[in-house]
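The values are calculated or read from the model by the stated rules, or taken from the named source; none is laboratory data. Note that this is a predicted model, so its numbers are computed, not measured. Positions of Cβ are generated from backbone atoms using ideal geometry, with glycine treated the same way; all protein chains shown enter the neighbour counts.
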There are 2 protein chains.
Amino acid sequence: MARSTRETILTAAAELMRHKGYAAVGMKDVVKASGAPIGSLYHHFPGGKVQIAREALVNAGIAYGMLIPTLVDPHDDLGEAIEAVFTQAADDMAATGFANMCPVASVAAEVADTIEELRTTTAAVFDGWLDGGTAYFVERDVPHAAARDVTVALVGALEGAFVLARTLRSTEPLLVAGRVLAPAYRGQRLRDRGSGQPRPEDRTSSPFDSAERSSKSRAR
Amino acid sequence: MARSTRETILTAAAELMRHKGYAAVGMKDVVKASGAPIGSLYHHFPGGKVQIAREALVNAGIAYGMLIPTLVDPHDDLGEAIEAVFTQAADDMAATGFANMCPVASVAAEVADTIEELRTTTAAVFDGWLDGGTAYFVERDVPHAAARDVTVALVGALEGAFVLARTLRSTEPLLVAGRVLAPAYRGQRLRDRGSGQPRPEDRTSSPFDSAERSSKSRAR
DNA sequence: GTCTATAAGAGGATAGAC
DNA sequence: GTCTATCCTCTTATAGAC
């Protein structure tokens, strides 16, 4: 599975930012982690560090946007599904030694007031998650307003609980969030998917559309 | 109101970290913002940048630890109180142009995997909020387990919604979080406070005890 | 498209006069 | 306890050979 230099760089950058945020990751760190020489970074990403971060965030956003639908899919009760999302997140986090799961929120918190170009990128990723999640729940017969609320509450509670869990080295915040959030939606039935299989392609494009395009138009 | 150089430095550092996180704030930024010369920073904080961050976070933690009890205090129904916390947060955030409200979570996300000394500091601050909030709700007659759950869920949902709101430049995440979280607790009565006045001193000491002490014992 | 060498400046920290 | 000058390293980014 030979990946392109471009991809290797982006993967390394995403991995580093997941752990250390944006400012603390140096280009030299990316060089070391990717194996690519510094010249290649600037050849493939003339926009420098900001461009690398932008594209890495878009990629991560697409990958993690599938997470909630994937975890919810096997369930037919919304309350159970919500609980499952949080217990699954708690298990994953404990299994990885409380490392961060996703670079988007860490970077978002850091750049929201300072690097407008990355703020809009993280905003596009969040919007994609929110719109994608809402569409998914609507498709499963949740009324639109409720679908939007569940998605927003779910993403917000997850991101907040992640920070607490990582810092406290405890799964409590994730488990409590699930336990507190789920009861309100217990009994809300989810319609069976048309096919037996999840179809993640249905709602994958939103963050990419807006953010990747803007990154293409930025060469020097 | 002449404040000591020490205080001025800590205030400036907290303000900067609130906006830019930890790594992106340079000592030179603190010099500029505080007006104190670089030598004074290292005179008062021999531990350098880490020590300044640590003490700034402890101070901010104490200040923000009073926020939830203060906002909840006028209410006698837990559901209403929760809703009030989020609408108030949304108003504040919109009023300040979606600037971050508190440096603790931003820094926590950045350092959780990288600077153990600051991870333990932010953990102590979170623990203080959680223990203080739990004690406050217990005092208001909420059963202990429920009091802990509400506090954990409240803090987690707030921090997550803050990141989304700041990034999206929208109060929606805060308002939705309140709307979704509140109903589960509507009808849960809160006992009248003994005196008519809030007494914030009752539960103010926790983060300070553990974190400030450790910072004192660290002189090169 | 790969890679090295290097520029130009910012980073944290220190010494020591006052 | 205040303040300046300075050290040394690391930072992002570029130039240009291959």
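Give me the pairs, please: first residue somewhere in the range A:35-62 and farther than 11 Å from A:Ile9 by Cβ, second residue anywhere and more than 8 Å from DNA strand C (Cβ to nearest atom) and among the basic types (Lys, Arg), beta-carbon distance under 6 Å, and either six or more positions apart or on two chains.
A:Pro46/A:Arg220; A:Gly47/A:Arg218
Inside the range B:86-120, can you point out the residues that are in contact (Cβ under 8 Å) with a residue 40 or more places away in the chain, closer than 17 Å to B:Thr167 by Cα and outside any helix (DSSP H, G or I)?
B:Phe98, B:Ala99, B:Asn100, B:Met101, B:Cys102
Considering only residues that are under 16 Å from the mean Cα position of the chain (by Cα) and aromatic (Phe, Trp, Tyr), which ones fall in the range A:67-117?
A:Phe86
What are the residues in the range B:121-153 that are charged (D, E, K, R) and either in a helix (DSSP H, G or I) or at the interface with another protein chain (Cβ under 7 Å from one of its Cβ atoms) (or both), if any?
Keep residues of the range B:121-153 that are charged (D, E, K, R), which gives B:127, B:131, B:139-141, B:148-149.
Hits for the range B:121-153 are B:Asp127, B:Asp131, B:Glu139, B:Arg148, B:Asp149.
Please enumerate the residues belonging to the range B:73-115 that are surrounded by fewer than 18 Cβ atoms within 10 Å (Cβ to Cβ) and within 10 Å of another protein chain (Cβ to nearest Cβ).
Those that are surrounded by fewer than 18 Cβ atoms within 10 Å (Cβ to Cβ) and within 10 Å of another protein chain (Cβ to nearest Cβ): B:Gly97, B:Ala99, B:Thr114.
Out of everything in the range B:17-29 that is crowded, with 16+ Cβ neighbours inside 10 Å and over 17 Å from B:Ile115 (Cβ atoms), what residue ends up being farthest from the chain's Cα centre (by Cα)? Outline the logic, then answer.
From the range B:17-29, those crowded, with 16+ Cβ neighbours inside 10 Å are B:17-25; that's our starting set.
Those still in the list that are over 17 Å from B:Ile115 (Cβ atoms) too: B:18-19.
Numbers: B:Arg18: 11, B:His19: 14 Å.
Restricting to residues being crowded, with 16+ Cβ neighbours inside 10 Å and over 17 Å from B:Ile115 (Cβ atoms), the top hit is B:His19.
It is to be established whether one or more residues within the range A:71-85 are over 30 Å from B:Val125 (Cβ atoms), in contact with a Phe, Trp or Tyr (Cβ under 6 Å, 6 or more places away or on another chain) and in contact (Cβ under 8 Å) with a residue 24 or more places away in the chain.
Yes.
Show the residue pairs meeting these rules: Cβ distance below 6 Å; 6+ apart or different chains; first residue within the range B:154-169 and facing another protein chain (nearest Cβ under 7 Å); second residue in a helix (DSSP H, G or I) and of a type in the set (Val, Ile, Thr).
If the second residue must be in a helix (DSSP H, G or I) and of a type in the set (Val, Ile, Thr), the pairs left are B:Glu159/A:Val163; B:Thr167/A:Thr122.
Is the range A:39-51 home to any residue that is among the polar types (S, T, N, Q) and not assigned by TED's automatic domain parsing to the domain that holds A:Tyr185? Before the answer, list the steps.
Quick first cut of the range A:39-51, residues among the polar types (S, T, N, Q) only: A:40, A:51.
Now drop any that are not not assigned by TED's automatic domain parsing to the domain that holds A:Tyr185, which leaves A:40, A:51.
Scanning the range A:39-51, I find at least one residue that is among the polar types (S, T, N, Q) and not assigned by TED's automatic domain parsing to the domain that holds A:Tyr185, so the answer is yes.
Out of the residues in the range B:19-46 that are touching an Asp or Glu at 6+ places or on another chain (Cβ under 8 Å) and away from chain A (no Cβ under 12 Å), state the one that is nearest to DNA strand D (Cβ to nearest atom).
Of everything passing the filter in the range B:19-46, B:Phe45 is nearest to DNA strand D (Cβ to nearest atom).
Looking only at helices (runs of 4 or more DSSP H) that fall completely inside the range A:1-85, which ones have 3 or more residues that are among the hydroxyl-bearing types (Ser, Thr, Tyr)?
Correct list: A:5-20.
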